[in-house]
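Have a look at the structure below before the remarks.
Any read-out appearing in this document is the output of simple, stated calculations on the displayed coordinates, not a laboratory observation. What you see is a predicted model; the values in this text were computed from it and never measured. With ideal geometry, Cβ positions are generated from the backbone for all residues, glycine too; neighbour counts draw on all protein chains shown.
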Amino acid sequence: MTYEMFKKELKTSLEEKLGSDACISFEQKLMLGEMADTICIRAGKNDPNYSANMDALYHLASVGGLDAEQAASMILELLHSLPVNRPLDTGNIIYQLMNRSQIEAQLDRIPHIPFYDMEITFVCVVENTEKIRKSMLIDNEMMEQNHLSLQQLSDLAHRNTFRMFPCKAELLQDSYWRQLLWDPDATGEDFLMAAHIYREWAGLPPTYRLSAGDYRFGGVAVLNSQYLEFLARNEGHDLLLLPCTEQEFVVVPWVTGMDLHLVKESVKEALEIDTESILTRNIFCYRKDTGILEVIN
């Protein structure tokens, strides 16, 4: 069975099993740090959305010899084991920053706050252990069922996000070196390049990788004005925040004599590597003396 046939039959089987109130659709979503073809399932109009990676499902069905109906039964068995229609844990409601183009089709269904070319959305962490973290995107119906306004969601997320995901600024060369040490496929040439980077950056202003401890939520660090204030005052300069991955920024002190045109060209080149997983195309500046975050494109 081809991939497209499997998708079609899986959707039909789920609709037959769930009934007329179900909503089944296919969307491109960020999963495990990469854009993926997903099947989105809502069992009823008052139920939350769940998503599953279609490539993984098709591979599992192919290897395990499952047909579309058996795969649908397996998915529904998993969904029945998840908590549904329970009150949101207000202590686990956090921000999630997403590029507007990636979620434009969902904006009428989810609470959100526009933020330049991004949207501040809200998720609830429903499981959080050392080995696994599951979160659920909050939609309008869930917000209404829990008697929460957009302002209340924002206040809760501001209180919880940076407690659960504290921001961290790590020297970029240290981050690169650590990734090499963890990479079983790293070669001697890779380590020589890392050593060369250390030498090239000696004496230059420090460059940091700004993150929030989890690659899925790293972008929210730009919303943490308290941490940005600490970092700017510690460096004694305004900060340039440069987008580098789908959920992280590089931070550079804006020192006298910096070639801003070269910085912009470097960012543009970096973003061309993976155009589907871009959090933002904007370069931001955090002003040390005013605490204002602004775009300098």
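Laid out as a table, the results:
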{"quantity": "Footprinting exposure proxy for 125, 252 (fewest neighbouring C-beta atoms within 10 Å first)", "calculated": "125, 252"}
{"quantity": "Nitroxide proxy distance, nm - points 7 Å out along Cα→Cβ at residue 140 and residue 2", "calculated": "3.7"}
{"quantity": "Point-to-point label distance, residue 59-residue 25, nm (Cα→Cβ direction, 7 Å offset)", "calculated": "2.7"}
{"quantity": "Given 134/264; 29/264; 7/29; 8/134; 264/288; 29/288, the pairs whose alpha carbons are separated by over 24 Å", "calculated": "134/264; 29/264; 8/134; 29/288"}
